[in-house]
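Single-structure report; data block below.
The values are calculated or read from the model by the stated rules, or taken from the named source; none is laboratory data. Fair warning: this is a prediction, and the values are worked out from it, not measured in the lab. Virtual Cβ from ideal backbone geometry, glycine too; neighbours counted across all protein chains shown. SASA here: full protein model, heavy atoms, side chains in, ligands and nucleic acids out. Shrake-Rupley method; radii C 1.70, N 1.55, O 1.52, S 1.80 Å.
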Amino acid sequence: MSFYNEYLKYKGLNLDDVFKRANDNDVRRVLAKDSLEWEDFLILLSPVATKHLEEMAQRANKETIQNFGRVIFLYAPLYLSDHCVNQCAYCGFNVKNKFKRKKLNIEEIRREGEAIAKKGIKHLLILTGESRKHSPVSYIKEAVEALKDYFSSIDIEIYPLYKGEYEELIEAGVDGLTIYQEVYNEEIYDQVHITGPKKDYRYRLDAPERGAKAGMRRINIGPLFGLDDWRKEAFFSAIHTQYLQKNYLDLELALSLPRLRPHLGSFQPKSIVSDRDLVQIILAYRLFLPRVGISLSTREGENLRDNLLPLGITKLSAESSTAVGGYTQKDSTDQFAISDGRSLKEIKKLLLEKGYQPILQDWHRI
Amino acid sequence: MKKDSLVIGGVKLESRLLTGTGKFPRKDIIKDTIEASGSQVVTMALRRVDFDSPKENILNYIPKGCILLPNTSGARTAEEAVRIARIAKAAGCGNWIKIEVISDNKYLMPDNQETIKATEILAKEGFVVLPYVSPDLMVAKRLEEVGAGAVMPLGAPIGSNRGLKTKEMIRILIDEIEVPIIVDAGIGKPSQAAEAMEMGADAVLVNTAIATAQDPIGMGRAFAKAVQAGRMGYLAGSGPVRDYAKASSPLTGFLEGIES
């Protein structure tokens, strides 16, 4: 069993044609339905649906409050190492980019963890570049063991692992897995992943499923918007989520919406996702998958981020540094430029003002 | 009039409205809302209780004197529910526990079999166990047998505000089960709470409908009255309900002529 078979089923569809042919009546019919099929979801992603964004937003807001309450979950990322053997055309950590790479030792990891925990963060996401030499599973495991006293829950966003390795990390104290396919279009995937183990499309595509089989509680997936037509990528990522939801009932699933941003190197996005497009994606996700979390990262600016909140967002990263050692050390290189530089205190205050309770604590290791 | 007291785990309760602490727009409104609702038993997800920070700790927003009913939200198996219950007890949340074993995150349907297992273990350990289940007579009987303090059937999926969709199944539990029946989940409006009470439920648990209302305090108060009204209606004994009018030309009127 693999999502790849599903991907192949939908790959043959002429999605451009579906998007082009959708009309106002289709959108109205979809919005009158209780629960949506994948065909309905395509209608909501189509250009004509942009005329119905307000109506979609009203329903999305209502469904989000009903399913998740007037609350937003907060977490923070911790970068362990930016050593990477992949050559991904769009990424600042690309093996070909020359900058001083850094890897935290266990003592430094503990210090960073302590600094983050002091701010009040309870949920931590740890990240590394892909290098089995510099950041092997044993190193990540040690990091988790060093950090778990400071946090009530730890997620990983690292290179794809085998099922047994995920099990090992769960045993060490990991609860959740974040892994982005980057681009679902298999041909483009092959073009933008020039060299390195990441070239293996299927191994990455099946990683969330291996994580689910290993017993992860939470899985967060998503495309990197900008690498292919965003409408198609939004479609495949949601279908992927639905596949996991159907096959692994107990998973808490979430989708993320990273957009390509400027970084070291010269790669330019193929498809530009405007703010309006981003709104449409969030709304379509929410209406199609009412029980799935939607996570917004620090990559978006303050003003936009605040306005996106009521549309279906359930999770925000706060106090984010995307540099290795960024919480305790100076002179670090960021993976990407961050737009929202506010502190946790400010974000909490803002959420309360907007009518949302900030939730920091959402799990006890059992 | 029937004797009217609700006793769970040896505790006599005045209020038949249990409330929750999830989904509120801010913590500082929770206390006033619970007070307005008159609720004496308050549930909270143990996963959300931050024991390290007095400001963040949800327990500090629950009025003094309320019975804490930690729930095992997040448990996927009986074993996990049992572990969460033990953590709650060790952390000083008392010995009441609401079992939520949910292995389906789309509809949030409870896993009845795992719930029975967890109930049995925890009841033996001295917990007052309130299991959240899909309404099923045999499951409720088993729960009673293994020592549940009450049975909490869902009216509709959690958070759906759809009302008493499982009414006929709950009615059977009310008739056949000795321990209190508390309708949990799905109640979206005060009128639906009244409906559950009117048909003889011992209590209701309401969270989403209160927490996500425009005015949670006002909604808490409204639910308090609805629950009382429904209970009073039940005790007063509703008249029989006919779904047909009394026929003006009775079909059996001829019998009177024959028999006289």
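Numbers at a glance
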read-out	value
Qualifying positions in the range B:54-106 - more than 28 Å from A:Leu251 (Cβ to Cβ), out of contact with any Gly (no Cβ under 7 Å at 6 or more places or on another chain) and in a loop (DSSP other than H, G, I, E, B)	B:Pro54, B:Lys55, B:Asn57, B:Ile62, B:Pro63, B:Lys64, B:Gly65, B:Cys66, B:Gly92, B:Gly94
Those residues of the range A:56-113 which are within 14 Å of chain B (Cβ to nearest Cβ) and in contact with a Phe, Trp or Tyr (Cβ under 8 Å, 6 or more places away or on another chain), in sequence order	A:Gly69, A:Arg70, A:Val71, A:Ile72
Matching residues in the range A:110-159 - criterion: being part of a helix (DSSP H, G or I), surrounded by 18 or more Cβ atoms within 10 Å (Cβ to Cβ) and acidic (Asp, Glu)	A:Glu112
Residue in the range B:167-174 that is basic (Lys, Arg) and within 21 Å of A:Asn67 (Cβ to Cβ) present	no
Residue match in the range B:149-156 (condition: open to solvent by less than 30 Å² (accessible area, probe 1.4 Å), within 14 Å of the chain's Cα centre (by Cα), more than 20 Å from B:Ile116 (Cβ to Cβ) and not charged (D, E, K, R))	yes
Pairs with Cβ under 7 Å, 6+ apart, first in the range A:70-87 and closer than 15 Å to A:Leu344 by Cα and open to solvent by 30 Å² or more (accessible area, probe 1.4 Å), second among the β-branched types (Val, Ile, Thr) and not in a loop (DSSP other than H, G, I, E, B)	A:Phe73/A:Ile359
In the range A:160-177, the residues that are within 14 Å of chain B (Cβ to nearest Cβ) and open to solvent by less than 10 Å² (accessible area, probe 1.4 Å)	A:Gly176
Filter result for the condition that a residue is open to solvent by less than 10 Å² (accessible area, probe 1.4 Å) and within 10 Å of chain A (Cβ to nearest Cβ), over B:Ala88, B:Ala45	B:Ala88
Residue among A:Glu63, A:Glu54 that alone is more than 24 Å from the chain's Cα centre (by Cα) and within 16 Å of A:Leu308 (Cα to Cα)	A:Glu54
In the range B:76-85, the residues that are open to solvent by less than 10 Å² (accessible area, probe 1.4 Å) and under 21 Å from B:Asn57 (Cβ atoms)	B:Ile84, B:Ala85
Single condition A:Ile272 does not satisfy, out of (1) within 20 Å of A:Leu311 (Cα to Cα); (2) of a type in the set (A, V, I, L, M, F, W, C); (3) more than 14 Å from every other protein chain (Cβ to nearest Cβ)	(1)
Hits in the range B:26-77 (condition: without any contact (Cβ under 8 Å) to a residue 12 or more places away in the chain and not charged (D, E, K, R))	B:Ser53, B:Pro54, B:Asn57, B:Asn60
Test: residue in the range A:240-254 that is within 14 Å of another protein chain (Cβ to nearest Cβ), under 18 Å from A:Arg299 (Cα atoms) and open to solvent by less than 10 Å² (accessible area, probe 1.4 Å)	yes
Pick from the range B:10-30, criterion more than 14 Å from chain A (Cβ to nearest Cβ), surrounded by fewer than 16 Cβ atoms within 10 Å (Cβ to Cβ) and not aliphatic (A, V, I, L, M), ranking: nearest to B:Asn207 (Cα to Cα)	B:Glu14
Condition met for A:Ser317 (under 15 Å from A:Pro77 (Cβ atoms) and modelled with pLDDT under 85)	no
